[in-house]
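A quick write-up on the structure given underneath.
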Amino acid sequence: MSKQLTQREQEKLVVIIDTLSGKITRAQAAAMLDISPRQVKRLKNKVREQGYLAVIHKLKGRQSNHHIEESVKEQALTAIKERYSDFKPTFATEKLEENHDIHVSRETTRRWMTKEGLWKSRKQKQSSYRSWRPRKDYYGELQQFDGSYHHWFEKRYIDKENNPIEVCLLASIDDASGKITKAVFAPNEGVEAVFTFWKEYIQEQGKPLAIYLDKFSTYKINHKSAVDNKELMTQFQRAMQNLGIQLITAHSPEAKGRVERLFGTLQDRLVKEMRLAKINTPGEGNSFLKKTFLPKFNNRFAVSPRKEGDVHKSLSGIDKKNINRIFSVQAKRRVNNDFTIRFKNKWYQLEELQPTTVRARDKILAEEWLNQTVHFSLKEKYLNFVVLQERPKKAKSNPTILTNHRLNWKPPPGHPWKRAFKTRY
């Protein structure tokens, strides 16, 4: 035999010969070879004419009609080695098509990179069983939110000692569509950064019905006493309660797996996209995210929700009026006998004229807005005050109340108080 038959080909030949000799029927041969009876008939005719060569595929030993030219392969591997050596095969395939007009499948890229030692297949991690939760129906029904600390700018963003700086990326992803609704680089995941993120979000897109996040202390107080004490509430919980947005806290990272997987993807794709675009600072990164990366990413990975419609709620007139108050760090303070207030190691003196009556020992609400300004309110009205440079000295006598007119005010001559009783009545 000029061509060596494989075991499968030898078995096929034996079955066809048995069919030709009448040992088995055509239907039996079809069942044994898992092909149709008509194909068995064609094979019988070919074996009569060509002999054993009939069971050998015509393309055996020949180059595929869909093979890729060696020059294309060399061009692709050169580009990968020079620019995309640490890219995953799927991402490298996209960049070959986008920047070099090389169109190959991701499995072909994976095979080439593996052979060149640029990619090593990883075993899938074994995880415990978790029940699957279906996506929400509508866009805006649920936003998964989290922050990720990472060297997003690699070694291009460094401190004074030339150490790479970790930056926090805050991101929200829509549960129904998988669309990244907002992403911002921030210095940390603290109250101020999170408040700024969500203030901008609701002003741009409206209020989502619910937010799914973890138990980090910015969002939820992890304390046993918080179970029964409704007043023990974080700033973020209070702000979302004022806006009527439901907060859902996850008990494990897997519970909000969509945003967790998102950061895994972004730590691969976003880092490399910013490297190619020469983005070196968080400010440049935020502009790149908004104008370039997010539209492109959502177009590639977002899906259509099961039901059409956007269920974000519009901001009401009260919401717009109180937006700075809602997204402020708030604390209760007591008015001292000399009508001073101490807040964050600074002293403030209430002025004599106030929009509402203020008494010593009244409890007022201190607010620190996102623009770093301080405000004091009582009965939903903001009080007038001045900042003191030092702690005030004790005075011998203090006013009893502050109100909307001066305490030593005297009525004019024509005031009813000045007229005689008979004249007045």
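Give, as residue ranges, the strands (runs of 3 or more DSSP E) completely inside segment 134-215 that count at least 2 residues that are touching a Cys at 6+ places or on another chain (Cβ under 9 Å). Walk me through it before giving the result.
Details: elements: 143-150, 167-174, 180-186, 210-213.
Hits in segment 134-215: 143-150, 180-186.
Looking at Lys363, Lys394, Lys344, Lys332, which one is among the basic types (Lys, Arg), more than 41 Å from the chain's Cα centre (by Cα) and surrounded by fewer than 11 Cβ atoms within 10 Å (Cβ to Cβ)? It would help to see each step written out before you state the result.
Details: Lys363 fails: more than 41 Å from the chain's Cα centre (by Cα); Lys344 fails: more than 41 Å from the chain's Cα centre (by Cα); Lys332 fails: more than 41 Å from the chain's Cα centre (by Cα).
It is Lys394.
Being at negative phi, surrounded by fewer than 17 Cβ atoms within 10 Å (Cβ to Cβ) and modelled with pLDDT under 85: is that true of Lys46 here? Lay out the reasoning, then the answer.
On the way: at negative phi: yes; surrounded by fewer than 17 Cβ atoms within 10 Å (Cβ to Cβ): yes; modelled with pLDDT under 85: no.
In short, no.
With farther than 30 Å from Glu273 by Cβ, of a type in the set (A, V, I, L, M, F, W, C) and out of contact with any His (no Cβ under 8 Å at 6 or more places or on another chain) as the only criterion, which of Ile17, Ile68 stands out?
Numbers: Ile68 fails: farther than 30 Å from Glu273 by Cβ.
Every option except Ile17 fails the conditions.
Screening Trp152 with (1) crowded, with 20+ Cβ neighbours inside 10 Å; (2) modelled with pLDDT under 95 gives one miss only, at (2).
Mind telling me which of the residues Leu388, Leu353 ends up being surrounded by 14 or more Cβ atoms within 10 Å (Cβ to Cβ), farther than 20 Å from Gln235 by Cα and at pLDDT below 95?
Of Leu388, Leu353, the one residue that is surrounded by 14 or more Cβ atoms within 10 Å (Cβ to Cβ), farther than 20 Å from Gln235 by Cα and at pLDDT below 95 is Leu388.
With the structure loaded, tell me whether Glu49 is out of contact with any Pro (no Cβ under 9 Å at 6 or more places or on another chain), in the same structural domain as Glu11 (by TED's automatic domain parsing) and of a type in the set (Asp, Glu) or whether it fails that test. Criteria met by Glu49. Looking only at residues of segment 1-43 that are among the basic types (Lys, Arg) and not in a helix (DSSP H, G or I), we find that the one that is modelled with the lowest pLDDT is Lys3. With the checklist (1) without any contact (Cβ under 8 Å) to a residue 24 or more places away in the chain; (2) touching a helix residue (DSSP H, G or I) at 6+ places or on another chain (Cβ under 9 Å) in hand, flag the one item Ile158 doesn't pass. For Ile158, the failing item is (2).
Would you check if there is a residue in segment 288-301 being outside the structural domain of Ile245 (by TED's automatic domain parsing) and touching a helix residue (DSSP H, G or I) at 6+ places or on another chain (Cβ under 7 Å)? There is no residue in segment 288-301 that is outside the structural domain of Ile245 (by TED's automatic domain parsing) and touching a helix residue (DSSP H, G or I) at 6+ places or on another chain (Cβ under 7 Å). Check whether at least one residue in segment 277-294 is in contact with a Gly (Cβ under 6 Å, 6 or more places away or on another chain) and surrounded by 13 or more Cβ atoms within 10 Å (Cβ to Cβ), and report yes or no. Checking segment 277-294: at least one residue is in contact with a Gly (Cβ under 6 Å, 6 or more places away or on another chain) and surrounded by 13 or more Cβ atoms within 10 Å (Cβ to Cβ). Of the residues Arg300, Arg342, Arg334, the single one that is out of contact with any Leu (no Cβ under 9 Å at 6 or more places or on another chain), of a type in the set (D, E, K, R) and closer than 30 Å to Lys95 by Cβ is Arg300. Residue pairs whose Cβ atoms lie under 8 Å apart, separated by 6 or more positions or on different chains, with the first residue in segment 364-392 and under 11 Å from Asn324 (Cβ atoms) and in contact (Cβ under 8 Å) with a residue 60 or more places away in the chain and the second among the hydrophobic types (A, V, I, L, M, F, W, C) and surrounded by 14 or more Cβ atoms within 10 Å (Cβ to Cβ), are Leu370/Phe195; Leu370/Phe327. Going through (1) within 30 Å of the chain's Cα centre (by Cα); (2) in a helix (DSSP H, G or I) one by one, Glu74 falls short only on (1).
Among residues that are surrounded by 15 or more Cβ atoms within 10 Å (Cβ to Cβ), closer than 26 Å to Glu98 by Cβ, in the same structural domain as Ile180 (by TED's automatic domain parsing) and in contact (Cβ under 8 Å) with a residue 12 or more places away in the chain, Leu266 is included.
The values are calculated or read from the model by the stated rules, or taken from the named source; none is laboratory data. Not measured: the values here are computed from a predicted model. Cβ sites come from the backbone with ideal geometry, for glycine too, and all protein chains shown count toward neighbours.
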